[in-house]
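Written below as structure tokens is the structure these notes are about.
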Amino acid sequence: MRELFVTVFVSVLLAAGAAVPAAPAQAAEGLKVSFLAFAQGDATLYEAGCGEQGLIDAGRGSADEILAALDASGSRSLEWVNVSHYDADHLGDVAAAATAPGVSVGAFIDGGGGRDEHDSQTYRAYYDLVTGRDARTVVDLGDEFYLCQGTASETVFEVVSAGYDGTAAQDVTVTSANDKGICVKVSRGAFDLASCGDVNGTGDGDRTDVEAAVASAYGDVDMVKVNHHCSVFSSNATYVATLRTWEQIMLPNGWCRYPRVRGGR
């Protein structure tokens, strides 16, 4: 297994407006973002200043890295796990991580749907887990969830696109699992991060250009987690021009096939 991840300490960005820092920050009121599962999977761990933690996605093969990151933080407690969409590269190790010894999860946040919403055993096992625990929270466009709500460290996760009712941002019609996925704008003080799962930036085939639809909801952000594993179907011109932040883009796999995100504007 590839044990590789990137950790960003947003407290430095908040304090100095700097690019990704080379050394850990010391500010207690910051936000720590750990991009895990750099293989063909996805997982991002957020730790806010009050100590609360949340996880967006746990793709297949990511459980060990997630548990190592939790242990490094000193706690295996998660306020929530947010599943952007139901493909195995984002969902595959949710159950393994959530049921590991010592792990507690307050809520599982997703876009909803019944047991047959996604035709895979991985999704059905996830559905049985979260409904069996009565711990499922369904979100849609405009909803918010939090870390450290009501404190100086409050971090807001605003849903800016979700398509499980058949329409995503700006009411564009979506049919594929990727394009139905949850996009969030993560805000901590003046810092904003865009995280949008595997949505597409093209209308080819059964894909929908969700990137162009959601771009204005993000605006000029400080950091972008590149969509769809940086595939040729992501990071279109509208999305790139609107979000604008090149020097702080995080590549989930450490590589990129799409030329626009390699060399700046």
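Assorted remarks:
- The set of residues in region 223-233 being more than 15 Å from the chain's Cα centre (by Cα) and either of a type outside the set (A, V, I, L, M) or buried (at least 23 other Cβ atoms within 10 Å of the Cβ) (or both) consists of Ser231, Phe233.
- Scanning region 149-190 for residues that are of a type in the set (Gly, Ala, Ser) and at negative phi turns up Ala152, Ser153, Ser161, Ala162, Gly163, Ala168, Ala169, Ser176, Ala177, Gly181, Ser187, Ala190.
- With respect to the stated conditions, Asp204 is in a loop (DSSP other than H, G, I, E, B) and surrounded by fewer than 19 Cβ atoms within 10 Å (Cβ to Cβ).
- Unmet criterion (only one of (1) more than 18 Å from Ser195 (Cβ to Cβ); (2) without any contact (Cβ under 8 Å) to a residue 40 or more places away in the chain) for Gly59: (1)
- Residue check for Val159: more than 19 Å from Tyr146 (Cα to Cα) and either touching a Phe, Trp or Tyr at 6+ places or on another chain (Cβ under 9 Å) or modelled with pLDDT under 95 (or both): no
- Total residues in region 60-91 satisfying the condition of being at pLDDT 95 or above, crowded, with 20+ Cβ neighbours inside 10 Å and outside any helix (DSSP H, G or I): the figure is 10.
The values are calculated or read from the model by the stated rules, or taken from the named source; none is laboratory data. Please read these numbers as outputs of a predicted model, since none were measured by experiment. Positions of Cβ are generated from backbone atoms using ideal geometry, with glycine treated the same way; all protein chains shown enter the neighbour counts.
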